[in-house]
Amino acid sequence: MKRRTFLKKSAVAGVAAGAGVIAAPTVVRAAENFRWKMTTSFPPGLPFYQSGPGSAEWIVKAIEELSGGRLKIKLYAAGELIPWNGGFDAVTGGTVEMNSAVAYYWSGKVPALQYFGTVPFGMSFQGQNAWYYHGGGLELWNEIYNDFGVIGMPAGNSGVQMTGWFKKPVGSAADFKGLKMRIPGLGGKIYKEIGVNVKLLGGGEIFPALERGVIDAAEWVGPLQDRRLGLHKAAKFYYTTGWHEPSTTTELLISKAAFNKLPKDIQGIIRHVARSANITAHTSAEALNGDAMDDLVKNFGVITNPLPNDVISLLRKKTKEVLEAGAAANPVTRKVHDSFMSFKKKHDRWANLGEREFATRVRGG
């Protein structure tokens, strides 16, 4: 009897469970369907940022696939829904749930945000990400963003960038005095210190400004992205290597209120997709930049040169002054600055023994 009673109860439970299996997914799916909007600061079709591996398009597709379609995100490139520099206000104001850009675009609101984009003469891709994930950088980033009701996370990294495009060759620091140049972030502040007339333009605005002579020089990213904007058609002197952006992080900016409404598994999907995009975008740029540079030089007559040593020395000196002045003026910036520099000092000890030793003495060329 006990055995028959057990089997009967089990059968009833099994039927109930079976009914639950049939009915529950319908209820769960109805309760867990989400529709978001995402804007970016980048032109349509731009490699690395807007399209291709690790890009905004890649992120949106990956989130939809991994969530089984429960979170679908409508993507808008710069200018399609809001201006290229309107992403922060769009997310904090509730116009969209998510934006892709670089955090230094919002440094007018909080100067310390520049450190979560890039730092001149800072760390490599390896070092910067080590600081984010293992040195407290990501926690500091979101400590700042918490006051604005948003969440920030790395979702791409260009690696070392190019110094930029110049209509005329650079022979010394004197050539920068009065130069009109498009450059954002801390790099722009430092260039101002040596006499550059700094301009902040969106990606889609750079080529026409350079072509018409509104600006004399411009930096964007690297060969792959710069070629897509056609910058080589407006200037022929392309200088290496980007002292101002040794490792530039693409940011995924998310409304905290919208994020908190998501089930835990979809929240986890977004975090993991962002981390995956961080490495995927970077490795795609590493894979494609060489061919893009060869194409620019061989087929378009682009002339590449490093900046003169005296220019680099002057910029390094001014960088230290600008960073220290910024930290002294703002306690939040001081906190972030000290964290970054303390980690950099520790990481440099290993980088000098590892990557740099390999690059200068072992790898060859």
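The values are calculated or read from the model by the stated rules, or taken from the named source; none is laboratory data. As the structure is a computational prediction, the values presented were derived from the model and not from experiment. Ideal geometry is used to build each Cβ from the backbone, glycine not excepted, and the neighbour counts take in all protein chains shown.
Side notes on the structure shown:
- Set Gly135, Gly156: member being at pLDDT 95 or above, crowded, with 23+ Cβ neighbours inside 10 Å and either assigned by TED's automatic domain parsing to the domain that holds Leu323 or in contact with a helix residue (DSSP H, G or I) (Cβ under 8 Å, 6 or more places away or on another chain) (or both): Gly156
- The residue of region 308-365 that is surrounded by the most Cβ atoms within 10 Å (Cβ to Cβ), among those that are β-branched (Val, Ile, Thr) and in contact (Cβ under 8 Å) with a residue 12 or more places away in the chain, is Val336.
- The residue that is surrounded by the fewest Cβ atoms within 10 Å (Cβ to Cβ), among those in region 164-182 that are in a strand (DSSP E or B) and not aromatic (Phe, Trp, Tyr), is Lys180.
- Number of positions in region 136-160 that are within 29 Å of Glu97 (Cβ to Cβ) and assigned to a loop (DSSP other than H, G, I, E, B): 6
- Residues in region 183-203 that are among the basic types (Lys, Arg) and in a helix (DSSP H, G or I): Lys189, Lys192.
- Pairs are defined by a Cβ separation below 9 Å, a sequence spacing of at least 6 or placement on different chains, a first member in region 95-119 that is farther than 18 Å from Ile59 by Cβ, and a second member that is of a type in the set (Lys, Arg) and surrounded by fewer than 24 Cβ atoms within 10 Å (Cβ to Cβ); the pairs so defined are Thr95/Lys37; Ala112/Arg334; Ala112/Lys335; Gln114/Lys189; Val119/Lys344.
- Any hit, region 196-211, residues being surrounded by 19 or more Cβ atoms within 10 Å (Cβ to Cβ), among the charged types (D, E, K, R) and in contact with a strand residue (DSSP E or B) (Cβ under 6 Å, 6 or more places away or on another chain): yes
- Single residue of region 234-258 satisfying the filter (in contact with a Phe, Trp or Tyr (Cβ under 9 Å, 6 or more places away or on another chain) and assigned to a loop (DSSP other than H, G, I, E, B)) that is nearest to Lys37 (Cα to Cα): Thr248
- Boolean, Ile266 is within 30 Å of Tyr145 (Cα to Cα), in contact with a Ser or Thr (Cβ under 6 Å, 6 or more places away or on another chain) and part of a helix (DSSP H, G or I): yes
- Subset of region 203-216 [within 18 Å of Thr248 (Cβ to Cβ) and out of contact with any Ser or Thr (no Cβ under 8 Å at 6 or more places or on another chain)]: Ile206
- For region 204-221, a tally of residues being within 17 Å of Ser41 (Cα to Cα) and in a loop (DSSP other than H, G, I, E, B) returns 3.
- Answer residue from region 113-132, given it is not aliphatic (A, V, I, L, M) and not in a helix (DSSP H, G or I) and is modelled with the lowest pLDDT among those: Ser124
- Tabulated pairs, region 287-300, first outside the structural domain of Asp226 (by TED's automatic domain parsing) and in contact (Cβ under 8 Å) with a residue 40 or more places away in the chain, second part of a helix (DSSP H, G or I) and among the aromatic types (Phe, Trp, Tyr), C-beta under 6 angstrom, 6+ apart or interchain: none
- Residues (closer than 17 Å to Gly108 by Cα, in contact with a Lys or Arg (Cβ under 7 Å, 6 or more places away or on another chain) and not hydrophobic (A, V, I, L, M, F, W, C)) located in region 183-221: Lys199
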